[in-house]
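Computed from the coordinates by the stated procedures, all read-outs in this text should not be read as laboratory data. From a predicted model like this one, the values you see are computed outputs, not experimental measurements. Every residue, glycine as well, gets a Cβ built from its backbone with ideal geometry; the counts of neighbours run over all protein chains shown.
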Amino acid sequence: MPPPIPPTPLKSSPPKIKIIFILGPPGIGKGTQCTLLTQTPFPPTPSKTPSPTIHHLSIGEILRTELSNPHSKWAPIIRTNMASGRTGPPEMTVSMLKSVMDGKMKMKMESGEGGEGEGEIGEIVFLIDGFPRSTDRIALFESTISPPTLVISLTSPLHILQSRLLYRAKTSTRIDDGNTIMQKRFEQHVYATEPVIAHYRERGLLVEIDGSGSVEVVQEEMRRVVGRVLGL
């Protein structure tokens, strides 16, 4: 029997992480705003050298990726829940998020990237959009992974969101972009996330941002809020 392959040595200790939840109804632009934040790095400061590495994790994209895996044990559950506008049981979504986050941290430790010397790496910031959508996910996520550093809630009048989603549905192949499912998603968002928003407001972690403006205007405010909490 050949000897076991030794694990890849880690070049640095586990990085510090910050978790930022991005909440908001369908069509608000959570994914767009998070993607823009990752594309333009924050400049380093004397207290933040190197600058943080920002990863965007979309619970919707994670579920859709898992759904396309023919060997996934979760695929039937995901398909059933998506057709009803739901994300699925908390244990499943938290497990998937943890797996992706662990993978990102392991890659950073193995590469040792981001610092002037071995062992010097910057913080990892996870922007998690579309999560948590209900209070039963909060305790499980925080006990399994970590409490969030910040929670951003993007808001907008309903008619603007409907317009955006109807436009997206013309070219979208997503099974959760149909008119009937769209309405269910609106209703479930309001019902499920109001207690989540109230919970984080009470803990002093919530910042509300008007998401009805242009992409550029909303992004400017997002960068201001995120930069402040990161000390940049």
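Going by how many other Cβ atoms sit within 10 Å of their own, how do 71, 56 line up, fewest first?
Arranged by neighbour count, lowest to highest, 71, 56 become 71, 56.
Amide H to amide H under 5 Å from residue 153: which residues, 5+ apart in sequence or cross-chain, H placed 1.01 Å off N in plane?
Placed amide hydrogens put 23, 207, 208, 209 under 5 Å from residue 153.
Starting with the highest mean, order 63-70, 222-229 by the number of other Cβ atoms within 10 Å, averaged over the residues of each peptide.
Highest-to-lowest ranking by the protection proxy: 222-229, 63-70.
Considering all alpha-carbon pairs of segment 19-97, what whole percent are spaced by more than 16 angstrom? Before the final figure, lay out the partial values.
Numbers: 1883 of 3081 pairs.
Taking all Cα-Cα pairs of segment 19-97, the fraction more than 16 Å apart is 61 percent.
How much length, in nm to one decimal, is gained on full extension between residue 190 and residue 214, taken as 0.36 nm per residue of separation minus their Cα-Cα distance?
The span from residue 190 to residue 214 would gain 6.3 nm if fully extended.
If R₀ is 30 angstrom, what is the calculated FRET efficiency for the pair residue 199 and residue 110, using the beta carbon separation as r and rounding to 0.05?
It comes to 0.25.
For labels at residue 40 and residue 225 in the simple 7 Å Cα→Cβ model, what's the distance in nm?
So the two model labels end up 1.7 nm from each other.
Taking a threshold of 23 Å on the Cα-Cα distance, which of the pairs 18/98; 16/98; 73/184; 73/108; 104/184 fall above it?
Working: 18/98 14 Å; 16/98 15 Å; 73/184 26 Å; 73/108 28 Å; 104/184 33 Å.
From the list (18/98; 16/98; 73/184; 73/108; 104/184), the Cα-Cα distance tops 23 Å for 73/184; 73/108; 104/184.
Would you mind getting me the FRET efficiency between residue 135 and residue 232? Use the beta-carbon distance for r and R0 = 30 Å, nearest 0.05.
Computed FRET efficiency for residue 135 and residue 232: 0.45.
What full-extension length gain, to one decimal in nm, is calculated for residue 95 and residue 69 as 0.36 nm per residue of separation minus the Cα-Cα distance?
Numbers: separation 26, 0.36 × 26 = 9.36 nm, distance 1.62 nm.
So the extension gain works out to 7.7 nm.
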